[in-house]
Amino acid sequence: MANELTEKGRRFLAAAKAAFEAGGARMLVLSRPADPALLKWKLERRRDGERILFVAETFLADGKVLQKNFSAFPDETLTETLPRFFQADLVGAEASGEYKRSKKGSEFLRLPAALKKGATAAAIPSLSRQKNRLLDGREPFLRELGISDREGRVLPSRQAKFRQICRFLEFLRDVLPALPETGPLTVYDLCCGKCYLSFAVYHYLARTLGRDVSMLCVDRKKDMMELCEAAARRLGFDGMRFLAADIRDLPESGRPDLVLSLHACDTATDTVLETAIRLGAAAILSTPCCQRELSRAVSCPPLSFALRHGVLSDKICASLTDALRVLYLEANGYETAAAELIDPDDTPKNVILRAVRGASEKKKSAAAAEYREACAFLGVAPRL
């Protein structure tokens, strides 16, 4: 067995480093160990507040797992570790690659497409350009919100927020066929907070697509609404209005074409969905947050073996909550899907509910029955 990196091994690690630093890769897994004391070795890119950490885990044959954190890509550690394995897989939505070595020394190498011509730091911009996002960082509203600088460069500390906004706009693009093709569009952003999505959606619809947009942003925090209103005036976003109020008090005289919500906490997401249904929204895009109610209310003996463990209960109840919301929307006439908004390394709050009005009466009836059965099984009161 070779105990030193080959040329192809070095090329693979250089490509992996460039992909990790570009944000295109999030995990590197070494498997098929040459050393019987090992099982596998894994490197993950994780966020700790504003910091990026590289977390290495060594899985031993005796069941132990050794962990070590690095503040930068661990070149030296990988140079020593890769020769102890016969396979390496680079995993990521934007960059993936593979390196294999046989016991006889033959090698296979597949590099990320954006880095084939040279896996160096110089390749990082080309990887970023490949993402083909709906925003490029130079939009004035991004500077106004402190996400990019004067030159249109997204600030390092705001990269995750930028990716989140861009991804949300992709989901918005998906529901455009459900909205009126001509005439003004009415959009509500409920529990809008700092209005990151409000400004992004208004920019995309009004400036990029050239639509006539009337957007209402609603949140209880009056001071925040005043700050956002001032920012909208500076940007010339004349179609945006800001209201400090409880969304449950919105009159039914206004019928929004689209309702948005980003990370409305706990039952506030349910209130957003109920309000959107009450107002007759044609489409709904909502990302839940901080699911607590079900974990406190659930009473389900068949699941007690899992629910008795706090961390497992939280994860299970969060998923069950969103599943119930999907059924609730379907029972109210919406074709609904739950999808991943963004990489969980950026935020664990990464589920988006996408709903478009138009479900058949048969599907509504079936969803309502299934919803009530699910609530009965979990021992919780239905919201229908």
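The values are calculated or read from the model by the stated rules, or taken from the named source; none is laboratory data. Quantities reported herein were computed from a predicted structural model and do not represent experimental measurements. Every residue, glycine as well, gets a Cβ built from its backbone with ideal geometry; the counts of neighbours run over all protein chains shown.
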Checklist entry - Considering the stretch 147-172 alone, what residues qualify as being closer than 21 Å to Ser261 by Cα and either surrounded by fewer than 13 Cβ atoms within 10 Å (Cβ to Cβ) or hydroxyl-bearing (Ser, Thr, Tyr) (or both)? => result Glu170
Checklist entry - Inside the stretch 213-237, can you point out the residues that are touching a helix residue (DSSP H, G or I) at 6+ places or on another chain (Cβ under 7 Å) and in contact (Cβ under 8 Å) with a residue 40 or more places away in the chain? => result Ala231, Arg234, Leu235, Phe237
Item to check | Qualifying residues in the stretch 1-18 (those that are among the small types (Gly, Ala, Ser) and at pLDDT 85 or above) - the one farthest from Tyr99 (Cα to Cα) | outcome: Ala18
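Inside the stretch 292-337, can you point out the residues that are of a type in the set (Ser, Thr, Tyr), assigned to a helix (DSSP H, G or I) and out of contact with any Asp or Glu (no Cβ under 9 Å at 6 or more places or on another chain)? Give the steps one after another, and end with the answer.
First, pick out the residues of the stretch 292-337 that are of a type in the set (Ser, Thr, Tyr): 295, 299, 304, 313, 319, 321, 328, 334, 336.
This time we only want the ones that are assigned to a helix (DSSP H, G or I), so: 295, 304, 313, 319, 321, 328.
Matches in the stretch 292-337: Ser304, Ser313, Ser319.
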Item to check | Single residue of Ala282, Ala368 found to be surrounded by fewer than 21 Cβ atoms within 10 Å (Cβ to Cβ) and in the same structural domain as Leu169 (by TED's automatic domain parsing) | outcome: Ala368
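In this structure, is Val218 surrounded by 14 or more Cβ atoms within 10 Å (Cβ to Cβ), in a helix (DSSP H, G or I) and either among the hydroxyl-bearing types (Ser, Thr, Tyr) or in the same structural domain as Arg296 (by TED's automatic domain parsing) (or both)? Outline the logic, then answer.
Details: surrounded by 14 or more Cβ atoms within 10 Å (Cβ to Cβ): yes; in a helix (DSSP H, G or I): no; either among the hydroxyl-bearing types (Ser, Thr, Tyr) or in the same structural domain as Arg296 (by TED's automatic domain parsing) (or both): yes.
Criteria not met by Val218.
Table: residues versus (1) modelled with pLDDT of 90 or more; (2) within 17 Å of Ala276 (Cα to Cα).
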position	(1), (2)
Ala297	no, no
Pro301	yes, no
Val311	no, no
Glu335	yes, yes
Asp343	no, no
Val351	no, no
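How many residues does the stretch 56-73 contain that are out of contact with any strand residue (DSSP E or B) (no Cβ under 8 Å at 6 or more places or on another chain) and either under 18 Å from Ala34 (Cβ atoms) or surrounded by 14 or more Cβ atoms within 10 Å (Cβ to Cβ) (or both)? Working first, answer last.
Applying the first criterion (out of contact with any strand residue (DSSP E or B) (no Cβ under 8 Å at 6 or more places or on another chain)) to the stretch 56-73 yields 62-64.
Checking which are either under 18 Å from Ala34 (Cβ atoms) or surrounded by 14 or more Cβ atoms within 10 Å (Cβ to Cβ) (or both) leaves us with 62.
Selection size over the stretch 56-73: 1.
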Checklist outcome for this item: Checking Tyr204, Tyr188 in turn, the sole residue that is within 25 Å of the chain's Cα centre (by Cα), buried (at least 18 other Cβ atoms within 10 Å of the Cβ) and not in a helix (DSSP H, G or I) turns out to be Tyr188
Checklist entry - Do we have Ala200 as over 20 Å from Thr269 (Cβ atoms), of a type outside the set (Lys, Arg) and at pLDDT 90 or above here? => result no
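Taking the criterion of being among the polar types (S, T, N, Q) and in a strand (DSSP E or B), would at least one residue in the stretch 253-261 satisfy it? Steps first, answer last, please.
First, pick out the residues of the stretch 253-261 that are among the polar types (S, T, N, Q): 253, 261.
From the residues that got through so far, the ones that are in a strand (DSSP E or B) too are 261.
Looking through the stretch 253-261, at least one residue is among the polar types (S, T, N, Q) and in a strand (DSSP E or B).
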